[in-house]
Amino acid sequence: MAKSVLVLLAKGFEEIEAVSIIDVCRRGGLNVCAAGVEELLVQGANHITVAADCLLCDVLNEKFDIVVLPGGLGGTNILASNVLVQALLKEYHNDRQRIAAICAAPFALHKAGVLGKNYTCYPSFEKQIKLEGYDPRSNVVVDENITTSRGPATAICLGLSIVAQLQGDDVAQTIKSGLLADFC
């Protein structure tokens, strides 16, 4: 059975991040479920509407190999305040399951109390999270079961990291070569 990825879409999410991560993970042979936190048609930060595969409440009893949070300020604020999302993050962290967040979304991990000691995020957002452990230079930081990334331009790198974690380095390298993602 293929490994699975749950990508949470909340109104105001960063479209490049969500779509790039979904695309790279599917290229890597992962089953990806894009779940709308509050609605099936979710408008992103740049007014692009994406159709989610399902609602988050419909898949809460399913187990995924990783939960992924795209950034975008509006989406991040919803992820950080939504009771279901916060409970899901705590459950996955307590079970030592993988969680990934990019851009501003590490803030939602911080609010849930699950952010690792070392992380990265969109520059300047660390001031709202914590300065200790912030890495401003790395595109992706893996700290035990928590993976973080900087922003829109590093979404492919985060997707490749997820593929490497779930499918192995060889699969990730093949995709990286095909995408010409030498910057990752």
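The values are calculated or read from the model by the stated rules, or taken from the named source; none is laboratory data. Predicted model only: the values in this text are computed from it and were never measured. With ideal geometry, Cβ positions are generated from the backbone for all residues, glycine too; neighbour counts draw on all protein chains shown. Just so you know, the surface numbers come from the protein's heavy atoms only, side chains and all, with ligands and any DNA or RNA stripped out. Shrake-Rupley method; radii C 1.70, N 1.55, O 1.52, S 1.80 Å.
When restricted to residues that are in contact (Cβ under 8 Å) with a residue 40 or more places away in the chain and touching a Phe, Trp or Tyr at 6+ places or on another chain (Cβ under 7 Å), the range 1-60 contains 3. Of ASN61, ASN46, ASN31, all but one fail to be over 16 Å from the mean Cα position of the chain (by Cα), farther than 19 Å from LEU109 by Cα and modelled with pLDDT of 95 or more; the exception is ASN46.
Looking at the range 5-63, what strands (runs of 3 or more DSSP E) fall wholly within it and have at least 1 residues that are aliphatic (A, V, I, L, M), open to solvent by 30 Å² or more (accessible area, probe 1.4 Å) and closer than 16 Å to ASN77 by Cα? Quick ask: steps written out before the conclusion?
Values: elements: 31-36, 41-43, 49-51.
So the answer is none; nothing clears 1.
Filtering GLY36, GLY44, GLY12, GLY28 for residues that are small (Gly, Ala, Ser) and in contact with a Cys (Cβ under 9 Å, 6 or more places away or on another chain) leaves a single hit, GLY36.
Which of the residues belonging to the range 143-165 are more than 21 Å from ILE16 (Cβ to Cβ) and in contact with a helix residue (DSSP H, G or I) (Cβ under 8 Å, 6 or more places away or on another chain)? Passing the criteria: ASN145, ILE146.
From the list LEU55, LEU9, which one is closer than 30 Å to GLU126 by Cβ and hydrophobic (A, V, I, L, M, F, W, C)? Residue meeting the stated conditions: LEU9.
Going through the range 119-142 one residue at a time, which ones are among the aliphatic types (A, V, I, L, M) and in contact with a helix residue (DSSP H, G or I) (Cβ under 6 Å, 6 or more places away or on another chain)?
Filtering the range 119-142 for residues among the aliphatic types (A, V, I, L, M) gives 129, 131, 140-142.
Residues satisfying the conditions are ILE129, VAL140.
Of all residue pairs spaced 6 or more apart or on separate chains, those with beta-carbon atoms under 7 Å, a first member in the range 172-184 that is within 20 Å of VAL142 (Cβ to Cβ) and a second member that is outside any loop (DSSP other than H, G, I, E, B) and small (Gly, Ala, Ser) are ALA172/ALA164.
Does LYS111 qualify as being among the basic types (Lys, Arg) and touching a Leu at 6+ places or on another chain (Cβ under 6 Å)? Before the answer, list the steps.
Numbers: among the basic types (Lys, Arg): yes; touching a Leu at 6+ places or on another chain (Cβ under 6 Å): no.
No.
Entry remark, the range 79-102: residues being closer than 14 Å to VAL7 by Cα and in contact (Cβ under 8 Å) with a residue 60 or more places away in the chain number 5 in total.
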